[in-house]
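Let me begin by presenting the structure, written as structure tokens, before commenting on it.
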Amino acid sequence: GYLSEVGASLVDEKLKLGIVPPTGVVELAAPTFYYDRIDRAKARTKERIQSRYPNIGRRFHRIGLPEKTGSFQLFVKGYQDAAHWLRTWVNQPETAPPPVTQREFQFLFEKLVALDYIIRNTDRGSDNWLIKYILADVIDRAPVHNNDIPCDPANAKPQVPGDEKLIDLVDSEVIPDAPLGSLHIDDPAPAEVEWADVSIPTVDVAAIDNGLAFPFKHPDEWRAYPFGWALLPQARIPFSDDIVDLLLPKLDDTKWVRELCEDLRRVFKNDKGFDKKIFEKQMSVMRGQIFNLREALMKKKSPYQLIQMPPQLMVEVKQKKKKSRRSRNAEYEEAPNYDSDASAVHSASGNVEPEQQPGPSTSTAGPSTSSEAGASSIGSKSWQETYEQKVQTKLPFFRWW
Ligand SMILES: Nc1ncnc2c1ncn2[C@@H]1O[C@H](COP(=O)(O)OP(=O)(O)OP(=O)(O)O)[C@@H](O)[C@H]1O
Ligand SMILES: [Mg+2]
């Protein structure tokens, strides 16, 4: 419910994703909310007494409808359902983002994937994420130039070297006879030339409606709750360096993961029916998701390959209890060698090379040798030392991908 909305916003903030509109817990009353007859009648009676007998009314703790606790999310402007833009880009290719904007979109998409995967969102249809796409402005003024200089911005290059009149060297450090290619785009333009204003389309993504996430067990029977983005072409592109750099240092750090769980505990404790044991299960699912995502980032899998990975539980175990707790949950079995990639060999669509040595703990002791990107966290214990890993053995009855 609403705490899941707030939890998603917290995960977004902690990972510095910036795709969930800030969401907090508030208490509000409004006549448009749902109230049962008794609440409405009480409020009416109190208001009547208050207006007729103000002295008595003053003693009331509260006049009006009772406050309700819920989540309150910032309303973002200029966005449309993701389906709208995804469809438009296919049907009217001339509106599709140019490569630079496409890369920007891919990074945002990867952030959405990471968020949904970590919180195990079970309700991410294409109506539950929004895209803001602002097409490039039409060039609104013709380029002005004094000389016969080619003005097509695509061909625009700093002008003829040696012609000191054209090159206005504001920065004395620029070497006049440096090769053309070494001048940067943001170097001052020649004084006599006014360049055309060319704007690049901008894109933004908002992940809304995060109320159905943080399950206490992985979807197992009957429904797999597919991620709505799973079949998009963007999901077939391997995770970018940018997303690896943003996320892996955090996901690799068990201290960071522990902090995240503690922060979420503070949010979820707002629930009247907060149950410690259920919460621990929710965190085990989430840590299992984080563990898989970490692995997928290290191995530069695609989002599509990520969601093929077998679900994990990462259970926090007190050292002395470690032995006695084993395999209590019949639907999970302890991973023998702590390798979350056990099934990747047959599920991967050929792009990913099977692990050379599926030996123990390439994935837990620290960032795998196949990737340079991970930062092993000094002062934090490894995943292996901290959590007991369980791999789900029962698979969903229906799978959509
Ligand atoms: N933070 C927001 N900023 C801007 N628009 C929003 C925001 N949250 C929701 N919306 C708009 O409201 C619509 C419904 O919101 P949401 O998906 O959260 O509710 P819902 O309970 O799923 O409603 P529905 O059953 O109609 O889908 C969204 O499709 C979106 O257009
Ligand atoms: Mg919705």
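The values are calculated or read from the model by the stated rules, or taken from the named source; none is laboratory data. Source: prediction; values computed, not measured. We place every Cβ from the backbone using ideal geometry, glycine too, and count neighbours over all the protein chains shown. Ligands, DNA and RNA are excluded from the accessible area calculation, which covers all protein heavy atoms including side chains. Shrake-Rupley method; radii C 1.70, N 1.55, O 1.52, S 1.80 Å.
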Before we move on, is Val205 outside any loop (DSSP other than H, G, I, E, B), within 16 Å of ligand 2 (Cβ to nearest atom) and at pLDDT 90 or above?
yes
Residue check: is Asp12 of a type in the set (Asp, Glu) and assigned by TED's automatic domain parsing to the domain that holds Ile119?
yes
Criterion: acidic (Asp, Glu) and free of Cβ contacts under 8 Å to residues at least 24 places away in the same chain - qualifying residue of Glu27, Glu13, Glu5:
Glu13
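The rows are residues; the columns are (1) more than 16 Å from ligand 2 (Cβ to nearest atom); (2) under 19 Å from the mean Cα position of the chain (by Cα).
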{"site": "Glu47", "(1), (2)": "yes, no"}
{"site": "Arg52", "(1), (2)": "yes, no"}
{"site": "Arg58", "(1), (2)": "yes, no"}
{"site": "Gly70", "(1), (2)": "no, no"}
{"site": "Gln73", "(1), (2)": "no, yes"}
{"site": "Val76", "(1), (2)": "no, yes"}
{"site": "His84", "(1), (2)": "no, no"}
{"site": "Arg87", "(1), (2)": "yes, no"}
{"site": "Gln92", "(1), (2)": "yes, no"}
So is Glu27 open to solvent by 90 Å² or more (accessible area, probe 1.4 Å), touching a Lys or Arg at 6+ places or on another chain (Cβ under 8 Å) and not in a loop (DSSP other than H, G, I, E, B) or not?
yes
Among the residues listed as Glu13, Glu5, the single one being within 30 Å of Asp263 (Cα to Cα), part of a helix (DSSP H, G or I), in contact with a strand residue (DSSP E or B) (Cβ under 8 Å, 6 or more places away or on another chain) and at pLDDT 90 or above:
Glu5
Please indicate, with yes or no, whether at least one residue in region 30-38 is of a type in the set (Ser, Thr, Tyr), away from ligand 1 (no atom under 16 Å from the Cβ) and surrounded by 14 or more Cβ atoms within 10 Å (Cβ to Cβ).
yes
Among the helices (runs of 4 or more DSSP H) confined wholly to region 39-122, which include 1 or more residues that are open to solvent by 70 Å² or more (accessible area, probe 1.4 Å) and closer than 27 Å to Glu27 by Cα?
54-57
